[in-house]
1. Below 20 Å, Cα to Cα, which lysines can B:K8 reach? Residues fewer than 8 away in the same chain don't count.
2. Take the Cβ-Cβ distance between A:E543 and A:T328 as r, set R0 to 51 Å, and report the resulting FRET efficiency rounded to the nearest 0.05.
3. Determine, for A:K335, A:K195, the number of other Cβ atoms within 10 Å of each Cβ, and report the residues in order from fewest to most.
4. In peptide A:100-110, what is the residue-averaged number of other protein chain Cβ atoms found within 10 Å of each Cβ?
5. List the aspartates and glutamates whose Cα sits under 15 Å from the Cα of B:K30, skipping any in the same chain fewer than 8 residues away.
6. Would you mind getting me the FRET efficiency between B:T34 and A:S49? Use the beta-carbon distance for r and R0 = 25 Å, nearest 0.05.
7. Treating cross-link reach as a plain straight distance, find the aspartates and glutamates whose alpha-carbon is under 16 Å from the alpha-carbon of A:K527, omitting any fewer than eight places away in the same chain.
8. Taking neighbour counts of Cβ atoms within 10 Å as a proxy for exposure, in what order, fewest first, do A:S49, A:S181 appear?
Amino acid sequence: MSLQQSIQQAAQKEYSPTAPAIAPKNVQMYKYDQFDDEFITQRIEQLRSQINRRLAGELSEDEFKPLRLQNGVYLQLHAYMLRLAIPYGQLNSTQMRALAYIARKYDKGFGHFTTRQNIQYNWPALSDIPEILEDLQKVEMHAIQTSGNCIRNTTSDPFAGAAADELTDPRPWCEIIRQWSTLHPEFAFLPRKFKIAVNAAEQDRAAILYHDVALQIIENDQGEMGFKVYVGGGQGRTPVIAKLVREFLEPQYLLSYLDAILRTYNMLGRRDNLYKARIKITVNETGVEEFSRLVELEWNRIKDTGFNLPEEQKQTIFKHFELPEFETYQYDAAKFESKKTENNGFDYFVKNNTFAHKQDGYTIVSISLKPHGGIPGDISADQMDLVAQLADDYSLSEIRATHRQNLVLPHVKLDDLFILWQKLTKVNLAAGNIGLLTDIIACPGLDYCALANARSIPIAQMIAEHFDDMKKLNDLGDITLNISGCINACAHHHVANIGILGVDKKGEESYQVTLGGSSRSDADIGKIVGPGFSGDEIVGAIETITNVYLAGRTNSDETFLEYYRRAGQNPFKEALYNVA
Amino acid sequence: MALAKQIKPLKNPVSVTANLLLKGSTVYLKADGTWSDDIANSAIAHGREQETALLALANITEKTQYVVGAYSFDVKIIDGKATPLGMREIIRAKGIPTITPDGLTSKPEWQNQFTKSNASSQKI
Ligand code: SF4
């Protein structure tokens, strides 16, 4: 069955007779033009030819590896892994159906959403990859900028364009950055990978301060919009919070300023040592003042002659993101409240999985990909199809992927929330645990990843199983817990309130715990609490840590992080290791 | 210092493993220079010289675009057959993760279906 047939069939399943046959036309997102399409076609043909040359022995693995990596193709423990780009985490229902189709046809019926708002397939054959990319092209997706030492997929707030607390929609700016950065010839071979994140809300839901460049959209005293620019954040073996380099950048200069940052980094960044090649090290070694002086110098040289986005093109891009037409209606508050009283699960779902929408009568719904017994971020093809259908039926065909490995339906009418929850319940996607201890970020770890030291997924599952009681979880409240299988920190363990890092201790898996990290606006890097724990001990250690918090907090309004910041590490050390 | 003195003897016996170039799955070098998806069939080296010889054999098939990334790893011998030491190699030998997402319960079928003859000839 072809992709188009599959999408039509999925859209016509019993779920909703109202589903559009193929592409939802009304979704507020960037749409490919002829240039984009031809560009992707060329790119796929290049990769096909590179694979054929590799198979024919004309390219060695050393020559081929950087080429496949530039197309998101990794070789892992059991198979190739293909990482696809989801620009700033935005998908439409047709794209989600295509992801389900690919999971079934070329993989093993599931996919894995990552902390970069992307999706990975764990089992494709090298020979199938050009065909997968052709199928993706039909729904305007690709795998460019998901690997290699280039500017990677720009990330952003998964609630963008919907959140009540945002100043403006950051997505058009992300799209501008995407178009500017995609295969930018000057920045195709940077010292290391380079990640940009944009946020426009009060809350930082995109962990922007841990990116190479963080752009916070703000308003100045005159009410003009601009960017606060931070540089040199990152995680990995040296976690660093990005430093402020410009208080206010007028939006018309965004691209020339980014050019200046990238040029400065490209010149100064170290190519002699892989572990010192990220911009965070360049900024630290150069000093932030000197680094920003050099950026300003270069920017002043190019800002009026260099590339800045023509107004007409800017307007064209902004048009793709105009607000959808929301319905004005009076939602039935009494009925809504009674459903919450009647259904504990729905009550938790509303409390934890919804967020204030900018339009009255609407809400933003997070779908937890951490159901009981599940694998964080994993989703089956059938679940993908269902989410696509629910997006068509209840969220103007829009879906978002979050950096916490969950999905979002950004435009749901409050009147539809109960039925939506019921439908999610049927496919094990209604866990009301967003923001709670079991909303765990876990990287693939040693179960899949060639770089791993220890497994992450079974640890996440054991913790989730132990903290099974929704009442207790809600009592514990807002806590982030992230697990990485090695120091590369793909699961952002440094910035979790409770971080777990898998290490290899004389051939055995061991788990080191950090406390006090935060990826939000109050960014902080967690500190190691003491010696690591074995796989058998780690759940007990987490139980001890939560007990210390419950016993020590002033009241249930004091969050875990607030308590930790007040009490410090000692109470945790004492309880974990019996030391003062 | 003489080179011979720098080379430490093997701590454990070793086998040689790689991934199939076309499919990426895990395979083990047999004594006859062919590859098996079952570690129990792998050739075992007991000393550095044997290890070097096995890696040289693996290198020959790497050059035919059949496998990629060959390396030696520690094994334990049980009933005369190699079994993996260390979690990484235990997981690789299993062919699937230690957790089993829906629909993923056995070693991928295509591993067994794959034959050497279609490795370098297949165009896509
Ligand atoms: S943190 Fe390490 S183990 Fe986990 S996915 Fe990243 S590289 Fe692999």
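FYI, it's all coordinate maths here, none of it is from the lab. The structure presented is a predicted model; accordingly, all values stated were derived computationally and were not measured. Using ideal geometry, Cβ is built from the backbone for each residue, glycine included, and neighbour counts are taken over all protein chains shown.
1. Excluding near neighbours in sequence, the set is A:K506, B:K76.
2. Values: r = 49 Å, r/R0 = 0.96.
So, using R0 = 51 Å, E works out to roughly 0.55.
3. Details: A:K335 11, A:K195 22.
Listed from fewest to most nearby Cβ atoms, that is A:K335, A:K195.
4. Values: counts 0, 0, 0, 1, 1, 0, 0, 2, 6, 4, 4.
Mean inter-chain Cβ contacts per residue within 10 Å come to 2.
5. B:D38, B:E51, B:E62
6. Numbers: r = 30 Å, r/R0 = 1.19.
So the FRET efficiency works out to roughly 0.25.
7. A:E562, A:E574
8. Numbers: A:S49 15, A:S181 20.
Fewest to most other Cβ atoms nearby, the residues stand as A:S49, A:S181.
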